[in-house]
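S.K.: Supplied in structure tokens, the structure appears directly below.
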Amino acid sequence: PPPASQSYFDQFPDFVPDNSASFDDEFHRFASSQGLVSGSQEYRRERTKAICDELKFYYSSQLDNVAGPSHTIPELSKGSLDERSKLDIYQNMCREIGVDPRDTITDCRRELKKVLVNIIDYIDARRIRKKVEIWDWSNFNEFSKYSLQDEKRIDRNEAKADGGFL
């Protein structure tokens, strides 16, 4: 995993990250540079790791919303997030979409589940300062189509391998 002060993309010496690119554009560029074949299991696994690491990087404690690449986050290895770090991330995700953060992980997750937001949109909110699109429940079918696009999905099994953080 990348050091605590770096995004997922900073850990590869032969790849020069573009922090102004959307997650999807950056991952496609990264995958091409690493020879990852789109749609392969390795591609999906690596993409899911990138999503998890980017969420942790951009939503970890005390970010001041725009702290940039110099802030420090908890170590990103599997299962390394303690409960306080997880709570900080969930609270920051709540703040990102205008939901009052709660005092427990369970309560934060409950609040976040009430709102339709794609996980990639959370990352792009911090990467490229794009406003998170919050979908109305009356448009659930449209949200579902949007979220099931390859570039908006996350591999469920790989996400659960990270201590079930996502």
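The values are calculated or read from the model by the stated rules, or taken from the named source; none is laboratory data. Given the structure is predicted, the values throughout are model-derived calculations rather than measurements. Neighbour counts run over all protein chains shown; Cβ positions are idealised from the backbone, glycine included.
Yes/no per residue for (1) modelled with pLDDT of 95 or more; (2) within 19 Å of GLU26 (Cβ to Cβ):
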| position | (1), (2) |
| --- | --- |
| GLN41 | no, no |
| ARG44 | no, yes |
| CYS52 | no, yes |
| ASN65 | no, no |
| ILE97 | yes, no |
| ARG110 | yes, no |
| LYS130 | no, yes |
| LYS145 | no, no |
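S.K.: Right, something else. Applying the selection to segment 26-47, what residues are exposed (fewer than 12 other Cβ atoms within 10 Å of the Cβ) and of a type outside the set (Gly, Ala, Ser)?
M.R.: VAL37, GLN41
S.K.: Give all pairs with beta carbons closer than 8 Å in which a residue from segment 135-152 that is outside any helix (DSSP H, G or I) meets a residue that is not aromatic (Phe, Trp, Tyr); count only pairs at least 6 apart in sequence or on separate chains.
M.R.: Close Cβ pairs (under 8 Å, with a partner that is not aromatic (Phe, Trp, Tyr)) amount to TRP135/LEU116; TRP135/VAL117; TRP135/GLU142; ASP136/LEU116.
S.K.: Which of the residues spanning segment 11-27 are closer than 12 Å to ALA50 by Cα and free of Cβ contacts under 8 Å to residues at least 12 places away in the same chain?
M.R.: GLN11
S.K.: Could I ask something else about it? Answer yes if at least one residue in segment 119-131 is in a helix (DSSP H, G or I), farther than 30 Å from SER20 by Cβ and of a type in the set (D, E, K, R), and no otherwise.
M.R.: No, segment 119-131 has no match at all.
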